[in-house]
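Worksheet: one structure, shown below.
Every number in this text was worked out from the coordinates using simple rules, so none of it is lab data. What you see is a predicted model; the values in this text were computed from it and never measured. Because the Cβ atoms are built from the backbone with ideal geometry, glycine has one as well, and the counts that use them run over all protein chains shown.
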DNA sequence: GTCTATATCGGGATAGAC
DNA sequence: GTCTATCCCGATATAGAC
């Protein structure tokens with residue numbers, strides 16, 4: 001059974017997060033979620049209408065929080081480089097502190113039924129367009145190299161999102177170290193070169 | 001029903017690839033796979049012992065092909081920069097031409113039972129260590145900036161793997177264009193900077 | 001090698017008592 | 001708000017005919 005939580009709703013959701021992440025949405029039975037929360041399966045339906053609602057709430061909560069943080073960063077900072085650093089650091093921070101939730105977002109999109117998929121996708125689109133705003137603004141102001149904004153944003157978001165898969169808290173590296181390495185890679189690349197081509201690819 | 005294929009085994013596997021990618025392993029019924037292959041569900045069991053065997057064969061085939069290609073590149077090329085370019089280009093090429101297979105590898109690891117998971121994970125580990133060999137060799141030879149090899153390899157593999165999710169053949173950009181943008185980003189980063197810090201982060 | 005028919009099981013969800 | 005009991009369906013897999 002999971003450690004205590006104020007509300008039963010919270011306990012159920014926490015159990016669902018753990019089991020959806022571990023076994024996948026379809027492979028995680030309501031009975032097991034209930035047991036982990038310390039109740040019977042039927043009791044879940046007093047708090048949530050069905051299994052799908054658990055998935056939607058998990059995804060919605062984390063995605064909204066991510067977007068709100070990114071929006072705050074865009075409001076508070078103006079310098080493109082600082083914006084990028086803050087955004088990447090925040091993205092990584094949230095993805096490592098809520099590993100399981102973002103892993104579910106990343107792997108269980110297909111399990112969303114009907115309108116739910118479009119809704120969660122719209123939240124993910126919002127996240128992408130926030131990163132794209134940082135990049136295109138930085139390119140216009142000649143801080144960033146001119147390149148395809150969408151592709152660059154996908155590249156950044158992909159590598160930061162995948163952190164939720166492989167990062168182990170308490171492992172060899174701290175979140176701060178990984179963030180520093182990622183930022184260095186994103187901004188300067190891997191190549192250790194004196195001569196730098198200033199020509200830009202169209 | 002799927003277009004023809006030489007063998008029924010091939011037809012079944014192609015149907016499984018399509019449905020596992022679209023609905024997920026657990027949400028794709030054997031009945032639907034069979035129907036797509038043009039037979040009855042029971043007939044699948046003449047060709048494969050069970051559903052799990054379909055998943056394993058899909059993952060194994062693509063991962064082995066990826067690793068064999070990367071091993072060939074490491075044999076054929078010596079220059080670190082060229083190795084990296086070839087490896088990334090090959091990785092992207094395979095991931096875009098076999099979108100669904102690699103999407104399944106990326107999202108259905110949890111569905112692997114017993115020994116199967118360790119086996120497929122070992123193939124993925126092999127892929128990672130091949131990229132890591134390129135990077136650490138390039139760092140020793142002062143071609144690449146000194147940084148954490150594992151983190152850098154995860155970053156590269158993550159962004160290239162995620163292509164299988166968002167890339168649409170026939171869309172705005174060709175594979176060649178995306179590959180060029182990715183390679184530019186990986187090697188030179190986003191920052192358009194004259195002054196380049198030569199100090200290296202430990 | 002494919003079929004029809006079916007065994008067997010586990011899943012989500014509901015009914016109604018307490 | 002949680003329980004026990006149960007409905008009902010769809011899933012994998014098997015048996016055995018053709």
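If you go through segment A:105-116 and keep only what is part of a helix (DSSP H, G or I) and either within 12 Å of chain B (Cβ to nearest Cβ) or in contact with a helix residue (DSSP H, G or I) (Cβ under 7 Å, 6 or more places away or on another chain) (or both), you end up with A:105, A:106, A:107, A:109, A:110, A:111, A:116. For residue A:24, the criteria (1) surrounded by 22 or more Cβ atoms within 10 Å (Cβ to Cβ); (2) within 16 Å of DNA strand D (Cβ to nearest atom); (3) more than 30 Å from residue B:113 (Cβ to Cβ) hold in every case but one, which is (3).
Results for (1) at the interface with another protein chain (Cβ under 10 Å from one of its Cβ atoms); (2) surrounded by fewer than 18 Cβ atoms within 10 Å (Cβ to Cβ), shown as yes or no for each residue.
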{"residue": "B:93", "(1), (2)": "no, yes"}
{"residue": "B:121", "(1), (2)": "no, yes"}
{"residue": "B:130", "(1), (2)": "no, no"}
{"residue": "B:182", "(1), (2)": "yes, no"}
{"residue": "B:188", "(1), (2)": "yes, no"}
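Go through the residues of segment B:145-159 one by one and say whether even a single one is over 21 Å from residue A:167 (Cβ atoms) and more than 9 Å from chain A (Cβ to nearest Cβ). No. Filtering segment B:58-91 to residues that are within 15 Å of the chain's Cα centre (by Cα), surrounded by fewer than 16 Cβ atoms within 10 Å (Cβ to Cβ) and more than 21 Å from residue B:186 (Cβ to Cβ) leaves B:60, B:61, B:64, B:65, B:68. For segment B:132-144, which positions are more than 9 Å from chain A (Cβ to nearest Cβ) and farther than 19 Å from residue B:71 by Cα? Those that are more than 9 Å from chain A (Cβ to nearest Cβ) and farther than 19 Å from residue B:71 by Cα: B:140, B:141.
Filtering B:191, B:123, B:130, B:163 for residues that are closer than 20 Å to residue A:147 by Cα and under 17 Å from the mean Cα position of the chain (by Cα) leaves a single hit, B:163.
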